[in-house]
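J.: Quick one: structure below, then a few questions.
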Amino acid sequence: MAETDFAEFEAKTAGDRTVMHVLYAMHTIAWASMGTLAVIALIANYIKRSDEQDPVYLSHHSWMIATFWWTVLWLVVTAPLWILLVLPGAIAYTIIGLWYLYRCIRGWLRFNDNRAAY
């Protein structure tokens, strides 16, 4: 019978929760840095997700990563609207920004309740 290495399944610490809260905060206020904070948080999400064992934390890293990439996709797809007129582009980008904010807040609230993101 194979032995289980229980060191792999360490309990989450307050520091782990703090890191997740900081990542959600960085994603949420990314608009203030023209997306720079989101890119930094995205890199941290990829790094932390690769070492993650806890399914709740893993789902939240994946949630933030998916939110970022879907937002980038929709920003690129709607970029031609700026060529037509400023108003359609502004409306599209506002809707995308609100959707991004919604996803960040929804994920953050679910994390705060110790629930998976999905």
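Rundown of residues vs (1) touching a Ser or Thr at 6+ places or on another chain (Cβ under 9 Å); (2) at pLDDT below 95; (3) in a helix (DSSP H, G or I), yes/no style:
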{"position": "VAL72", "(1), (2), (3)": "no, no, yes"}
{"position": "VAL77", "(1), (2), (3)": "no, no, yes"}
{"position": "PRO88", "(1), (2), (3)": "yes, yes, yes"}
{"position": "THR94", "(1), (2), (3)": "no, no, yes"}
{"position": "GLY97", "(1), (2), (3)": "yes, no, yes"}
{"position": "ARG103", "(1), (2), (3)": "yes, no, yes"}
{"position": "TRP108", "(1), (2), (3)": "yes, no, yes"}
{"position": "ASN114", "(1), (2), (3)": "no, yes, no"}
{"position": "ALA117", "(1), (2), (3)": "yes, yes, no"}
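J.: I've got another one for you. May I ask you to list the residues in segment 45-90 that are within 11 Å of the chain's Cα centre (by Cα), crowded, with 16+ Cβ neighbours inside 10 Å and either aromatic (Phe, Trp, Tyr) or over 15 Å from CYS104 (Cα atoms) (or both)?
T.: TRP63, PHE68
The values are calculated or read from the model by the stated rules, or taken from the named source; none is laboratory data. None of the values given here were measured: they were computed from a predicted structure. Don't worry about glycine lacking a Cβ; one is built from the backbone with ideal geometry, like all the others, and counts go over all protein chains shown.
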